[in-house]
1. Check off (1) closer than 25 Å to residue 225 by Cα; (2) hydroxyl-bearing (Ser, Thr, Tyr); (3) modelled with pLDDT of 95 or more for residue 137 and give me the number that stays unchecked.
2. Which residue is nearest to residue 276 (Cα to Cα), if the candidates are limited to the range 163-182 and must be in contact with a strand residue (DSSP E or B) (Cβ under 6 Å, 6 or more places away or on another chain) and assigned to a helix (DSSP H, G or I)?
3. Report every pair of residues separated by at least 6 positions or lying on different chains whose Cβ atoms are under 7 Å apart, first residue within the range 180-201 and under 21 Å from residue 219 (Cβ atoms), second buried (at least 21 other Cβ atoms within 10 Å of the Cβ) and of a type in the set (Ser, Thr, Tyr).
4. I need every pair where a residue in the range 205-226 that is within 19 Å of residue 119 (Cβ to Cβ) and among the polar types (S, T, N, Q) has its Cβ under 6 Å from the Cβ of a residue that is at pLDDT 95 or above and not in a helix (DSSP H, G or I), sequence separation at least 6 or different chains.
5. Which of the residues spanning the range 272-295 are under 21 Å from residue 149 (Cβ atoms), in contact with a helix residue (DSSP H, G or I) (Cβ under 8 Å, 6 or more places away or on another chain) and crowded, with 16+ Cβ neighbours inside 10 Å?
6. Can you report the number of residues in the range 140-188 which are at pLDDT below 95, hydrophobic (A, V, I, L, M, F, W, C) and surrounded by fewer than 19 Cβ atoms within 10 Å (Cβ to Cβ)?
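The values are calculated or read from the model by the stated rules, or taken from the named source; none is laboratory data. Given the structure is predicted, the values throughout are model-derived calculations rather than measurements. Counting neighbours? That spans all protein chains shown, and the Cβs are built from the backbone with ideal geometry, glycine included.
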Amino acid sequence: MRKKVLLDTDIGSDIDDAVCLAYLLAHPACELVGITTVSGEPVKRAMMASALCKAAGRKVPICPGAENPMRGPQQQPRASQAGKLDRWSHDESFPAENATEFLGRALREHPGEIHLLAIGPMTNLGLLLSEDPEAASLLASLTMMIGRFVTPDTGYGPEWNARCDPHAAAIVYQAPVKQHRSVGLDVTLRVTRDAGSVREEFTAPLLQPVLDFSEVWFENMDTMVFHDPLAATTLFHDDICTFSRGTVNVLTDAPETAGTTVWTAGDTGSPHEVATSVATERFFSEYFAPFAVKE
């Protein structure tokens, strides 16, 4: 049975969002019911999402969302990879409906069926849950790429998606979602490829625009970390990451610690699940499998 998935993304900054969206478009068990974009230049981000959907031959509703955080300064004002858009067919205009209306409507059309995957700053979700508290109960699950949860490998401090809008992240962690999962730096930093390997492995037609966007990323970085794709694969395969239950609180006050995710281990009744380990080779096998089948 196909899973209904909503994607909330800041595609256009770190390259892993595009890598993630391509996976969702290729996966035979994914029914991508909509995409919302978040952070600086949300319309350009929507155009990038449109380019990948067109490359996949898919019509997916796309809605540009919040440009600025609920509170605090904008830390991600540009979608730099959008500079490659002139090379790929894409839509340039989108419905006027705002992202919170779009998300709320989708949840009511499919109550208890939608798996929301959030891979950018949590602004759209924070606004949704503030304006429409019932939305949390309508979700089948919420999976987020966010946080670091105090391991020797990743240290302690704010991760980017949480830091870009700590207030929104705190709201999202307070929401009573049936399944509330976080995939953070503790595990995502273990799934990486260098630029040369990416150029060799991204051969499927749907990965060509992703590879083109990647060249902007590789101007300043020599490694691709599959943060967001790892979160996406856990929607379909429970054996890729191990999750532990507990409670997450987000620090929001002091500028130097705002966005820090404080993890307290708990029992089976605890509200949050945090990824604590990853089967690295299993992940890469799963990531590339849909492209081999589809293409």
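1. Of the numbered conditions (1) closer than 25 Å to residue 225 by Cα; (2) hydroxyl-bearing (Ser, Thr, Tyr); (3) modelled with pLDDT of 95 or more, the odd one out for residue 137 is (1).
2. Filtering the range 163-182 down to residues in contact with a strand residue (DSSP E or B) (Cβ under 6 Å, 6 or more places away or on another chain) leaves 166, 169-170, 173, 177, 179-182.
Still in the running and assigned to a helix (DSSP H, G or I): 166, 169-170, 173.
Values: 166: 22, 169: 20, 170: 21, 173: 18 Å.
Here the residue is 173.
3. Close Cβ pairs (under 7 Å, with a partner that is buried (at least 21 other Cβ atoms within 10 Å of the Cβ) and of a type in the set (Ser, Thr, Tyr)) amount to 198/214.
4. 214/15; 223/192; 223/194
5. Correct list: 272, 274, 275, 276, 278, 283.
6. Within the range 140-188, residues that are at pLDDT below 95, hydrophobic (A, V, I, L, M, F, W, C) and surrounded by fewer than 19 Cβ atoms within 10 Å (Cβ to Cβ) number 1.
Yes or no, residue by residue, for (1) under 25 Å from residue 32 (Cβ atoms); (2) surrounded by 18 or more Cβ atoms within 10 Å (Cβ to Cβ):
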| position | (1), (2) |
| --- | --- |
| 69 | no, yes |
| 90 | yes, yes |
| 93 | yes, no |
| 97 | yes, no |
| 125 | yes, yes |
